[in-house]
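Presented below is the structure to which this report refers.
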Amino acid sequence: MTEYKKTRHTLPQEVVATFERIGENTETRNLYIAALRRVGWTLSSISDVTGITRERVRQIEQNAPEDLEVPSNVHLPMPPKKVVREPRTYVEPDPVKLERLMELQPLAQQNRHNSEEFRQAAEDYTALVWEVHDKDGVPLYRLAKRLGLSHGALRFRLARYGYKLPQKTGVSKVYTRIDPDHRVKPRINSAS
């Protein structure tokens with residue numbers, strides 16, 4: 001089934017010329033209007049050419065006979081076709097890398113501000129997320145879906161670890177890169 005555009009139609013110049021040729025012949029004009037509507041032209045496009053309202057065009061079409069016969073001397077063009085786009089194909093993450101990400105994810109999520117315990121797992125996880133996204137070409141949304149996260153969480157992680165620039169350029173410190181100089185130094189207990 002061919003799909004036609006449903007908005008922003010402009011009738012061809014031949015149709016305008018046909019309406020001018022029909023002139024005041026109301027019966028032929030109404031048949032032509034109904035025929036144009038039945039092949040798919042919009043109310044607005046017909047109304048613009050004829051000078052009548054869209055509602056009147058609708059009424060004319062509604063009152064036209066079912067077995068409508070258009071005179072052979074009038075041009076009846078088809079409306080413009082809808083552009084058919086190719087369906088998008090998305091790159092899926094490599095199953096081996098995805099499995100490794102799933103192993104590292106719980107450890108990386110336990111990483112906290114100045115804890116060294118899960119730091120390496122968080123670094124490895126973030127580096128692998130970046131590799132899958134940047135080098136393998138997997139969109140963050142698709143990767144996040146496979147990992148059970150939001151794409152914003154992955155984008156935040158990549159910005160936080162310095163792989164990706166933050167989307168917003170506000171004053172929020174949430175997206176600032178982790179810098180070792182900004183970390184809280186552990187206190188050394190000294191007996192005085």
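Mind checking which aspartates and glutamates have their Cα closer than 16 Å to the Cα of Lys81? Skip sequence neighbours fewer than 8 apart in that chain.
Within reach: Glu3.
Pulled fully out, how much extra length does the chain show between Ala127 and His151, if you take 0.36 nm times their separation in residues and subtract their Cα-Cα distance?
On the way: separation 24, 0.36 × 24 = 8.64 nm, distance 1.59 nm.
Extending this stretch completely gives an extra 7.0 nm.
State, to one decimal in nm, how far the label point of Ala17 lies from the label point of Arg119, with both points 7 Å from Cα in the Cβ direction.
It works out to 8.1 nm between the two label points.
How many times 2.2 N^0.38 Å is the alpha carbon radius of gyration of segment 1-137? If you can, show how the numbers build up before the last one.
On the way: Rg = 30.7 Å, N = 137, 2.2 N^0.38 = 14.3 Å.
Ratio of Cα Rg to 2.2 N^0.38 Å: 2.15.
Please enumerate, by chain and number, the aspartates and glutamates with C-alpha under 15 Å from the C-alpha of Lys145, excluding those fewer than 8 residues away in the same chain.
List returned: Glu92, Asp94, Glu99.
Throughout, read-outs are computed from the coordinates displayed, never taken from laboratory work. Everything numeric in this text was worked out from a predicted model, so none of it was measured. Don't worry about glycine lacking a Cβ; one is built from the backbone with ideal geometry, like all the others, and counts go over all protein chains shown.
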